[in-house]
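Novice: I have a structure here, written as structure tokens, and I will follow up with some questions on it.
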Amino acid sequence: ADPEIARIVAAGARPQLRLRAPGFASLLRIIVGQQLSIASADAIWGRLMLAVDPLSPENLLAQPEACLRTTGLGRAKLDYARGLALAILDGTFDLAAVARMHADDAITHLTAQKGIGPWTAEIYLLFATGHPDIFPAGDLALREALRLMHDRDTRPDNREAMTLSAGWAPWRGVAARLLWDYYRLRKSGRDAMPA
């Protein structure tokens, strides 16, 4: 057993299991949440769900841009959402195949779509496909939890976070969930889990 993991478990951290149904809505939810606070992302998502009901690629594309802009989606994210919907509908982006792919292949496939970077791809694999060995090193809260866990003055960068998490393979997804909960415990109850 890893002594650092044992220490944060002893401090009360528990892996919170949150899963989303794989598909367009889950991936779009993660895109909406990119670089936003959880509260801001939730507010925009709630307005988007009211504007496009039920949420599907077809229904999103049927909405006028002006209507979608009232949800709080910025121009770039609106372009990403429309691009994703179009790619799914025209068959150039096979989201259903992602769940069957090896993680590296899935990340490559996902990040080929405009608006989806490594963090978004990793969060989707972790929360929508339940992949057990994903560690989203680009997640600020995870890097802060690693800093706290190792009692350091500075946060590790993405590369160092990957190095620190390497020993937890093939269960880095569980470690990530533990670290998000450890972050919550250390930051007075602030939930930082992105999905």
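The values are calculated or read from the model by the stated rules, or taken from the named source; none is laboratory data. All values derive from a computational prediction rather than experimental measurement. A quick note on method: Cβ atoms are made from the backbone with ideal geometry, for glycine too, and the neighbour counts reach across all protein chains shown.
Novice: Can you give me the number of residues within the stretch 141-171 that are loosely packed, with under 15 Cβ neighbours inside 10 Å, more than 24 Å from residue 105 (Cβ to Cβ) and in contact (Cβ under 8 Å) with a residue 24 or more places away in the chain?
Specialist: Number of matching residues: 1.
Novice: Considering only residues of the stretch 1-26 that are small (Gly, Ala, Ser) and either in contact with a His (Cβ under 6 Å, 6 or more places away or on another chain) or assigned to a helix (DSSP H, G or I) (or both), which is nearest to residue 128 (Cα to Cα)?
Specialist: 26
Novice: Further, regarding this structure: Within the stretch 56-70, identify whether any single residue is in a helix (DSSP H, G or I), within 19 Å of the chain's Cα centre (by Cα) and over 29 Å from residue 149 (Cα atoms), and answer yes or no.
Specialist: No, the stretch 56-70 contains no residue that is in a helix (DSSP H, G or I), within 19 Å of the chain's Cα centre (by Cα) and over 29 Å from residue 149 (Cα atoms).
Novice: Which pairs do you get when a residue that is in the same structural domain as residue 32 (by TED's automatic domain parsing), found in the stretch 47-69, comes within reach of a residue that is in a loop (DSSP other than H, G, I, E, B) and of a type in the set (Asp, Glu), reach meaning Cβ atoms under 8 angstrom, with the pair 6+ apart or on two chains?
Specialist: The qualifying pairs are 59/53.
Novice: Return the residues of the stretch 34-43 that are more than 19 Å from residue 114 (Cβ to Cβ) and either in a helix (DSSP H, G or I) or hydrophobic (A, V, I, L, M, F, W, C) (or both); say none if nothing qualifies.
Specialist: The answer is 38, 39, 40, 41, 42, 43.
Novice: Just one of 121, 106, 112, 175 is assigned by TED's automatic domain parsing to the domain that holds residue 76, surrounded by 22 or more Cβ atoms within 10 Å (Cβ to Cβ) and either of a type in the set (A, V, I, L, M) or over 26 Å from residue 21 (Cβ atoms) (or both); which is it?
Specialist: 121
Novice: Among the residues of the stretch 1-24, which ones are closer than 14 Å to residue 125 by Cα and buried (at least 16 other Cβ atoms within 10 Å of the Cβ)?
Specialist: Scanning the stretch 1-24 gives 20, 22, 23, 24.
Novice: Looking at 82, 100, 47, 29, can you tell me which residue is part of a helix (DSSP H, G or I), surrounded by fewer than 17 Cβ atoms within 10 Å (Cβ to Cβ) and of a type outside the set (A, V, I, L, M)?
Specialist: Answer to the check: 47.
Novice: Filter the stretch 141-157 down to the residues that are modelled with pLDDT of 95 or more and either under 15 Å from the mean Cα position of the chain (by Cα) or of a type in the set (Ser, Thr, Tyr) (or both) and list them by number.
Specialist: 142, 143, 154
Novice: Name the single residue, out of those in the stretch 33-43 being among the aliphatic types (A, V, I, L, M) and surrounded by fewer than 19 Cβ atoms within 10 Å (Cβ to Cβ), that is modelled with the highest pLDDT.
Specialist: So the residue we want is 43.
Novice: I need the helices (runs of 4 or more DSSP H) fully contained in the stretch 111-195, keeping only those with at least 2 residues that are under 30 Å from residue 75 (Cβ atoms) and not polar (S, T, N, Q).
Specialist: 118-127, 140-149
Novice: Which condition does residue 75 not pass, out of (1) at negative phi; (2) surrounded by 14 or more Cβ atoms within 10 Å (Cβ to Cβ), if it passes all the others?
Specialist: Status for residue 75: all satisfied but (2).
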